[in-house]
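Participant: Would you mind keeping the following structure in view while I ask a few things?
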Amino acid sequence: MIEMELKPDVVCYTVLIDNHCKSDNLQDAIGFFDENIDSDLEPDTVTYTALMCGYCRQGNVNRAVTLVNEMSFRGIQPDAITMSALFHRILRAKKAQFRH
C-alpha cells in the first residue's frame, strides 16, 4: 500500500490485525497495531477487540485483560462484544486449569 501511496485507515489496520490474529501470527498483528498508533490513528473498539482475541487465542489472557484496561485508559469504552469475548476466554482458561 505504501508503494501505491495509499494511507491505510483504522478499518484497514483492524482487518490486518484480525486476520493475522486468526492466522496465529500475533507478532505481525501487534506490529500493525503499533503502526496504527504510530500513524496518528486512534484504534477503535473493534481494533482492540481483534488484538485482545489474538492474545486470548495464544493463551495470554492476562495480556488481554491489560489491553482492555489500556483501552479504557485511552477513553475507548469496551463494548458488549469485547467484554463477552474476554469473559468467554477467561472461563475457558479457568476450565483448562481444572482439567490438569
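Participant: If the Cβ limit is 7 Å and pairs must be 6+ apart or interchain, which residue in segment 51-73 that is over 12 Å from Ile90 (Cα atoms) and β-branched (Val, Ile, Thr) pairs with which residue that is open to solvent by less than 50 Å² (accessible area, probe 1.4 Å) and not in a helix (DSSP H, G or I)?
Facilitator: Note: pairs meeting the criteria are Val68/Pro78.
Participant: Could you list all residues from segment 28-50 that are loosely packed, with under 14 Cβ neighbours inside 10 Å and in contact (Cβ under 8 Å) with a residue 12 or more places away in the chain?
Facilitator: Ser39, Glu42
Participant: If a residue has to be under 16 Å from Asp28 (Cβ atoms) and either open to solvent by 10 Å² or more (accessible area, probe 1.4 Å) or among the hydroxyl-bearing types (Ser, Thr, Tyr) (or both) to count, how many in segment 51-62 make the cut?
Facilitator: Total satisfying the criteria: 5.
Participant: Looking at segment 72-81, can you tell me whether even one residue there is polar (S, T, N, Q) and open to solvent by 70 Å² or more (accessible area, probe 1.4 Å)? Lay out the reasoning, then the answer.
Facilitator: The first filter runs over segment 72-81 and keeps only residues polar (S, T, N, Q), leaving 72, 77.
In the following step, the residues that additionally are open to solvent by 70 Å² or more (accessible area, probe 1.4 Å) were identified as 77.
Yes, because at least one residue in segment 72-81 is polar (S, T, N, Q) and open to solvent by 70 Å² or more (accessible area, probe 1.4 Å).
The values are calculated or read from the model by the stated rules, or taken from the named source; none is laboratory data. Because the structure is predicted, anything quoted here is derived from the model rather than measured. Every residue, glycine as well, gets a Cβ built from its backbone with ideal geometry; the counts of neighbours run over all protein chains shown. Accessible surface is based on the protein model in full, side chains and every heavy atom, while ligands, DNA and RNA are left aside. Shrake-Rupley method; radii C 1.70, N 1.55, O 1.52, S 1.80 Å.
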